[in-house]
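The values are calculated or read from the model by the stated rules, or taken from the named source; none is laboratory data. Nothing here was measured: the structure is a model prediction, and the numbers come from that model. Glycine also receives a Cβ, built like all others from the backbone with ideal geometry; neighbour counts cover every protein chain displayed.
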Amino acid sequence: MLLWLGGECKLKLKKGLALALAAAALLALLPGSARAEKDIYVVGLLFGDQLFPDAWNRVEVRVPNNSDKDFQGSVVVELGGEYVRDVFVEAGKTGSLVFYLPPLAYIQRDYSNVTALKIYLRDQRGRTISKVNLTTGSRTTSSIFVGVMGKQAGEFKRIGNVLDYLSVAGMNPESLDNLQFAQNFRAIVLSNPGPVSLNPHQAANLRRWLEAGGMLVVGGGSGWQQSAALLSPDILPVRIQGVETIAAGDLAPLGLPSLEEGEYTIAAGEVVGQVLLAAGDKPLLAAKKVGEGTVLWSALDLEAAPLLNPANSEAFWQKVFLLRPVVKAHSVDYNLVSQLFNSISQDSLASALSPGKLFLLLLGYIVLVGPVNWLVLRKIDRREWAWFVIPAVALLLTAGAFAYGRLGRGSDQILYQVNLIEQYSNNKANIQSFSGVFIPRSRDMTLSSEAYLAPLSGEIVSRLDGGQQVLALKKPPLWSVQKFYGAGVLDLPGSVQIEASFNPSLKRAEAKVTNNSGQDFFAGFIKMGKEWFEFGALAAGESKTSKAIIQPDFQSIISRYNPSSRPFPGWYDFSYYLPNDPVCFLGFGDSGPFSVAGANKKVALDIWVQTIETRDFFAAGSLDIPRGILTPVVLGSQADYYSPRDYHFYSNEEANVDLVFSLPENIDFSQGEYRLNLDTVWGEAKGTVLVYNFESNMWQELGSLDNLFKQTRSILLENLGDLVNENHLTVRINYSGDLGFSLDGMDISVTGGRIND
């Protein structure tokens, strides 16, 4: 897609060379072509020509050199700060540079209207020889992004017809250059990608993406080698040995509605993962867990018969995404982070000059320029001197206040950090660092890190220095705090272990935590359903036991950094940093594991999050699960939502919201009563509540929204064994109108159940 911004840019070099700047941008994955050699144009890929405030954005800048002389210069992309890359373009060739920009929400609070992206081309002397301002709309989305790396990537657009919250875009190996950008995608499809390869950095990022919870779908058939060649053999659920043919009737487990008679080519081999669907001893779909992610393998070629048929394709992908549901990544509310950062940084002169001291200073000035000045000048009979004495006193007091303030602030280049750390495996964690450095003297300075850095303040310039990304601050304002973002992966010796019992007969439940993460926490909590457990300080290797409490004291966390801070607003509850999983560990530290060179002092608040699989808590025997434990996650909807837990949808037409509940493994569904509780559904919507029956491969109606709004808000789940696959229960709310709900009141309760050995 080409978006022409018009006009010719006449570029003049010393010897009359002509050079055109092409700015290709915005969530781009596939290149376009220029209309004319001097036009400035934008290639909009992925989902149009808009910036996504809640996603990482990719900007590609192209510089075609149509002259007979080589060109040396730089390209600058300005958004939040400046991203500078040197460019060398041989005569008659085109240079290409890629920039990765953080979510707009990190840069500006008001991103709902338009955003200006400025792009400059500069020569070797730093002179701007071309400039373009790109104004683009921006929008949030509740879509789950699916990336496709395949020969016919455009054919996979129909995946979006299967579940309306899925959006599909083409990918290439370069899409894996930046881990943060790759994490926009919750699922990646590999299907006959052609003669491409992944370099070691791209392969490592794919592995990290997968281990952090992504789903990788790998196609088989006659083109299986092209897909398998991009992957390490140890992550595939099948050791593929070759291809063979299979009769149409043997594909019945896939539930394809328009299957023609004949034979079809499949890839076959030894299964080392889990078989999901099979034709006799031939696996059709197999899966393997890799970290928190899943590799799903299809014996069929995803771009060949019978999946070329649109009806078959949609049925296949619906089965794939219901068998292995993909969930939108846990998002960060930057407004919450900003509040925390301001609380710990104390980045104003007021911290050096308190209101009381400022009042005394003002009072002294009034006394000096008033009665003291008048009495002294009167005594020496020089009242006419008042015209220069009063300004002189003002200047002296201003200089004194400045010096006192500077002394109060000190000379340290203090690095402030709010580090969000989410552990996704036993020894790996993702870090997002919202950082800022206090400027005690207005002079140039440099910040560097082995992890990815992005400027959030206008005075910061991002450069590549020998392959390492550095941030350069060019005489930033005195006493300011210059903000930037960092992201990386933390290696750990272990994780936090939790022991607890889900026994509703206990009046006060107990939980035990053992800290094997290698990190010290000055405060630790467990959220289990609607109950909290508080452990206080928790050193590395330490174990503690706690009884359930009603509400933890989060104000003490802020008071540790800023004793004079006002009470932390209730709606800035730290629980909003948690994903909506039934059991989560929430820890607070101050070590600041995200390392940045360039500052000589660090003040860090580490917010550590680790989700715990509920199935780890259920042993064989009787099963009773109270309310608030088996809560759902929202797969998605095209409508926006208000918060990670409180959703509000509106649609004039029929629309769906899909929820997934994770149940304990090895349940004997012949025993016990299972209830779906939807206490917190409200609104004026019309529609039904459905559940997917994996036995019949159809949606099954449970009840109407109208009845739910008026009655008990509880539905008995019968024949649950037919409704559960791989301990997942998928519920759909089909509606039209105004629908709202809170996840805190949606759950499954169990009475008199049993878990088999």
Say we look at region 686-711 and pick out the residues that are in contact with an Asp or Glu (Cβ under 9 Å, 6 or more places away or on another chain) and surrounded by fewer than 14 Cβ atoms within 10 Å (Cβ to Cβ); which of these is nearest to Asn666 (Cα to Cα)? Glu695
Inside region 185-212, can you point out the residues that are small (Gly, Ala, Ser) and under 24 Å from Lys428 (Cα atoms)? Ala187, Ala203, Ala204, Ala212
Subset of region 76-109 that is of a type in the set (Gly, Ala, Ser) and not in a loop (DSSP other than H, G, I, E, B) - its residue that is surrounded by the fewest Cβ atoms within 10 Å (Cβ to Cβ): Ser96
Please enumerate the residues belonging to region 220-236 that are assigned to a loop (DSSP other than H, G, I, E, B), small (Gly, Ala, Ser) and crowded, with 18+ Cβ neighbours inside 10 Å. Gly220
In region 722-757, which residue that is of a type outside the set (Asp, Glu) and more than 23 Å from Asp581 (Cα to Cα) is surrounded by the most Cβ atoms within 10 Å (Cβ to Cβ)? Tyr735
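Here is a yes/no grid of residues against (1) within 34 Å of the chain's Cα centre (by Cα); (2) small (Gly, Ala, Ser):
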position	(1), (2)
Glu673	no, no
Trp699	yes, no
Gly721	no, yes
Arg732	yes, no
Quickly run through region 151-198 and pick out the residues that are among the β-branched types (Val, Ile, Thr) and under 20 Å from Leu322 (Cβ atoms). Ile159, Val162, Val168, Ile188, Val189
Counting just the residues of region 315-345 that are of a type in the set (Lys, Arg) and at pLDDT 80 or above, which one comes out farthest from Ser433 (Cα to Cα)? Lys319
What do you reckon, is Pro253 touching a residue at least 60 places away in the same chain (Cβ under 8 Å) and under 25 Å from Val326 (Cα atoms)? no
Matching residues in region 249-258 - criterion: being surrounded by 16 or more Cβ atoms within 10 Å (Cβ to Cβ) and at pLDDT 90 or above: Asp250, Leu251, Leu254, Leu256
Filter region 119-138 down to the residues that are modelled with pLDDT of 85 or more and either touching a Pro at 6+ places or on another chain (Cβ under 8 Å) or among the charged types (D, E, K, R) (or both), then identify the one that is surrounded by the fewest Cβ atoms within 10 Å (Cβ to Cβ). Arg125
Which one is surrounded by the fewest Cβ atoms within 10 Å (Cβ to Cβ), of the residues in region 270-296 that are touching a residue at least 60 places away in the same chain (Cβ under 8 Å) and assigned to a loop (DSSP other than H, G, I, E, B)? Glu292
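Results for (1) under 30 Å from Glu260 (Cα atoms); (2) in contact (Cβ under 8 Å) with a residue 60 or more places away in the chain; (3) touching a His at 6+ places or on another chain (Cβ under 8 Å), shown as yes or no for each residue.
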residue	(1), (2), (3)
Ala304	yes, yes, no
Leu307	yes, no, no
Ala311	yes, no, no
Glu314	yes, yes, no
Trp317	yes, yes, no
Val326	no, yes, no
Ala329	no, yes, no
Val337	no, yes, no
